[in-house]
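Every number here is computed from the coordinates shown, using simple stated rules; none is lab data. Keep in mind that this is a model prediction, so the values were computed, not measured. Here the Cβ positions follow ideal geometry from the backbone for every residue, glycine too, while neighbour counts run over all protein chains shown.
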Amino acid sequence: MQIELFTTGGTFDKIYFDALSEFTIGDPQAPSLLLAANTSCAIVVTELLRKDSLELTEQDRALIAARVAASAADRVIITHGTDTMAETGRAIAASDKTVVLVGAMQPAAMRDSDAAFNLGFAVAAVQLAAPGVYIAMNGELLVAAQARKDRDAKRFIASD
């Protein structure tokens, strides 16, 4: 089973210097999280972007979709900021691939981050789910076209 992981930035990779400073998108955190988890499946990591998801353009989404389509892997994980994750999920054309978008509500570099849990869940989900485009957050796997971020609950929910 071939898995490719594309990184795009977002909270997953954010770095804050202090309470008064702006954030920056740092190096992708997924490779170190996968190493720390002693992941046994082979995952190729490709850095695509270093952007907050609110800064992603339609051209960025087209790039992500094109790279997913061109990937030799039939299973793809995308680390992505949560604010526009569902929008990017909808931009990825349905295919015979299993695509899982994953993010974090707190940066991976923070002690209380949900990044490691969400990434581990995404690794399992991408191996088990049927072809389609999904969002893996907070222990739930949602169809991306039917998901939205609930800011108050700090989670994704299925939209009506």
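Can you give the charge dipole size of the stretch 3-158 about its Cα centre, rounded to the nearest 20 debye, using +1 on the beta carbon of Lys and Arg and -1 on the beta carbon of Asp and Glu?
Rounded to the nearest 20 debye, it is 300 debye.
If the viscosity is 0.692 mPa s and the temperature 37 °C, what Stokes-Einstein diffusion coefficient in µm²/s follows for the stretch 3-158 when Rh is the Kirkwood radius over Cα pairs?
Result for D is 216 µm²/s.
Rounded to the nearest 0.05, what FRET efficiency is calculated for residue 44 and residue 128 with R0 set to 22 Å and r the Cβ-Cβ distance? Mind showing how you got there, number by number?
Details: r = 19 Å, r/R0 = 0.87.
E(calc), rounded to 0.05, equals 0.70.
Restricting the count to DSSP beta bridges whose residues both fall in the chain, what percent are antiparallel, rounded to a multiple of 5?
So the antiparallel bridges amount to about 35 percent of the total.
Over the stretch 3-158, how many pairs of lysines fall under 19 Å by alpha carbon, counting only those 8 or more apart in sequence or from different chains?
Counting lysine pairs in the stretch 3-158 gives 4.
How many nm is it between the label spots at residue 117 and residue 63, if each spot is 7 Å from the Cα in line with the beta carbon?
For residue 117 paired with residue 63, the spin-label model returns 3.2 nm.
What is the extension gain from residue 1 to residue 18, computed as 0.36 nm multiplied by their sequence separation minus the C-alpha to C-alpha distance, in nm to one decimal?
1.9 nm
Count the net charge of all other residues whose Cβ sits under 9 Å from the Cβ of residue 105, scoring Lys and Arg as +1 and Asp and Glu as -1.
Combined, the nearby Lys, Arg, Asp and Glu give +1.
Under a crude label model (7 Å from the Cα following the beta-carbon direction), how far is residue 146 from residue 93 in nanometres?
If labels sit at residue 146 and residue 93, their model points lie 2.4 nm apart.
Compute the separation of the alpha-carbon centres of the stretch 1-38 and the stretch 45-64 and state it in Å as a whole number.
So the separation of the two Cα centres works out to 14 Å.
Round to the nearest 0.05 the FRET efficiency obtained for residue 36 and residue 70 when R0 = 30 Å and r is the Cβ-Cβ distance.
With R0 = 30 Å, the Cβ-Cβ based efficiency is 0.55.
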